[in-house]
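First comes the structure, then the notes that go with it.
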Amino acid sequence: MEIRQNLLNFLSTIPDNVKLVAVSKTKPIEDIQEAYDAGQRIMGENKVQDLVAKVELLPKDIDWHFIGHMQTNKVKFIAPFVKLIHGVDSLKLLKEINKQGAKNQRTIDCLLQFHIAQESSKFGLNMEEATTILNSDEFQGYNNLRIVGVMGMATYTDNEIQIRSEFSTLVNYFNTLKSSFFDTKEEFKEISMGMSGDYQIAIEEGSTMIRIGTKIFGNRNY
Ligand SMILES: *Cc1c(COP(=O)(O)O)cnc(C)c1O
């Protein structure tokens, strides 16, 4: 019951146009089912193995988002069903996603992940790298994937000014890419930013998609 209440309370505080990805990583099937029964249809996982196991056991109309670091050799396991891959940060990975998309006769939606945090441990592209990828001949031939926007994680800090500035940087990247590469592509519209600790700032800065775990499912013990 607690998850249902958490979810409904949470949804009442966010604007209708912001999509909620309920981050169910490490959580058991029953918890995810409870969120589903309360109406939630978008779930996020960050480990391929866990995602594949959970898909089997839960309703088929869940949109599964992969939010973790995607390893090239694991794309094949989620390619048949994944709705959106958030963390795409190399041409090599795009190549594999396209290949697996073709194999499954699908077009797989992806977000380009940008490095916006000060911490060096987080994955992601800078603008120069993204531009190189998008200009490459190889990329032009990828017909079994679509880039539908950008994703980023802010520094884990109490400093609101810093978080705000990092999210604002991601929005600038989005706008620049939109006008340079995706002007005619309606599907390029998502800015995935904001987690339990910083989603309010993310929404104020223009997030279209927030990824929320703790605030819905409670603390994770790992
Ligand atoms: C775990 C995770 C989240 C959710 O984190 P919470 O702080 O629990 O809301 C969001 N995005 C990514 C990429 C994650 O790995």
Packing-wise, with mean Cβ within 10 Å as the measure, how do 60-73, 106-119 rank, highest first? 106-119, 60-73
If amide H atoms are modeled at 1.01 Å from N in the peptide plane, then the residues at a separation of 5 or more from Met209, or on another chain, having amide H under 5 Å from its own are Lys19, Ile191, Met193
Length gained if Asp137 through Ala102 is fully extended, taking 0.36 nm per residue and subtracting the Cα-Cα distance, is 10.8 nm
Give me the Kirkwood hydrodynamic radius of the chain in Å, from all C-alpha pairs, to one decimal place? 17.8
Computed over segment 27-87, the relative contact order (Cα-Cα under 8 Å, seq sep at least six) in percent reads 34
Among Ile97, Ile32, rank each residue by its count of other Cβ atoms within 10 Å, from fewest to most, as a rough exposure measure. Ile32, Ile97
Once phi is turned into θ = phi - 60°, what whole-Hz ³J(HN,Hα) does the Karplus curve with 6.51, -1.76 and 1.60 give for every residue of segment 169-181, x standing for Gly and Pro? 4, 5, 5, 4, 4, 4, 4, 5, 5, 4, 6, 7, 10
Quick check on the exposure proxy: order Ser120, Ser136, Ser207 from fewest to most C-beta atoms within 10 angstrom. Ser120, Ser136, Ser207
Per the 1/(1 + (r/R0)^6) rule, R0 = 25 Å and r from the Cβ atoms of Gln118 and Asn17, FRET efficiency to 0.05 is 0.25
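Each reported figure results from applying straightforward, stated rules to the coordinates on display, with no laboratory input. Fair warning: this is a prediction, and the values are worked out from it, not measured in the lab. For neighbour counting, all protein chains shown are included, and Cβ atoms are generated from backbone atoms with ideal geometry for every residue, glycine included.
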